[in-house]
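Reading through the structure tokens given below for one structure.
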Amino acid sequence: MTIAAKQLGSPAPAGGWPDWVFTVPYSASAHPQPIDLEPIADGANCQRFAYAVLELFGRHIAPHRSSELWADRSLQHIEATEAQRLDLVLFNSTADAWGAHVAVALGGELLHLCAEVGRPAVWRWSDFAARDRYRVIVGVLRVA
């Protein structure tokens, strides 16, 4: 299952979508905090991928793990029903942010680096709800 630029909607980042958005392999160890980060095209986890997508739109976020991300009060916490394009959405099997999965809202769908698929994927909200490990929306964050 591969995704296409048209699935990501508009606006696209200046210069278009880079190839890594479609091809980066999932790597749990390639989180945003290692000292020696490899190029993102070589692998990333869900957080690093989501943050790199936001960077394409000039939105910078500290290299948080999911629980730190949720605790960062400089980010606006939004109701899930109010999610907008480029908001970050945290999913987990419980309401706990520790170990939560991070996706980027595209409107009615979400872009995420999916361990299950091994590559980036676009899922509907209901696709997350149908899986035990993602069934709970921990919350939505807006990065200015």
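Ignoring ligands, DNA and RNA, what accessible area per residue does the chain give at 1.4 Å, in Å²? Kindly include the intermediate steps, with their values, before the conclusion.
Working: 7150 Å² over 144 residues.
That works out to 50 Å² per residue.
Solvent-accessible surface of protein heavy atoms, probed at 1.4 angstrom with all chains present, puts HIS64, HIS112 in the order HIS64, HIS112, largest first.
Within the accessible area of region 1-107, the carbon and sulfur atoms contribute 52%, probe 1.4 Å, all protein chains present. Of all the options GLY58, GLY99, GLY15, the one that moves most in a Gaussian network model of the chain with Cα springs shorter than 10 angstrom is GLY15.
Checking every one of the GluC sites (Glu not before Pro) in region 31-80 against DSSP loop status and a limit of 10 other Cβ atoms within 10 Å picks out GLU79.
Can you give the Rg to Rh ratio of the chain, both from alpha-carbon atoms, with Rh computed by the Kirkwood formula?
Values: Rg = 13.8 Å, Rh = 15.0 Å.
Looking at the chain, the ratio lands at 0.92.
Here the sum of -39500 (n - 2.57) over DSSP H runs of 4 or more residues, divided by the residues of the chain, equals -4000 deg cm²/dmol at 222 nm, to the nearest 500.
At 7 Å along Cα-to-Cβ for each site, give me the label-to-label distance between LEU56 and ASP42 in nm. In this crude label model, LEU56 to ASP42 measures out at 2.1 nm.
The values are calculated or read from the model by the stated rules, or taken from the named source; none is laboratory data. All values reported here derive from a predicted model rather than from experimental measurement. Ideal geometry is used to build each Cβ from the backbone, glycine not excepted, and the neighbour counts take in all protein chains shown. Side chains are part of the model used for accessible areas, which takes the heavy atoms of the whole protein and leaves out ligands, DNA and RNA. Shrake-Rupley method; radii C 1.70, N 1.55, O 1.52, S 1.80 Å.
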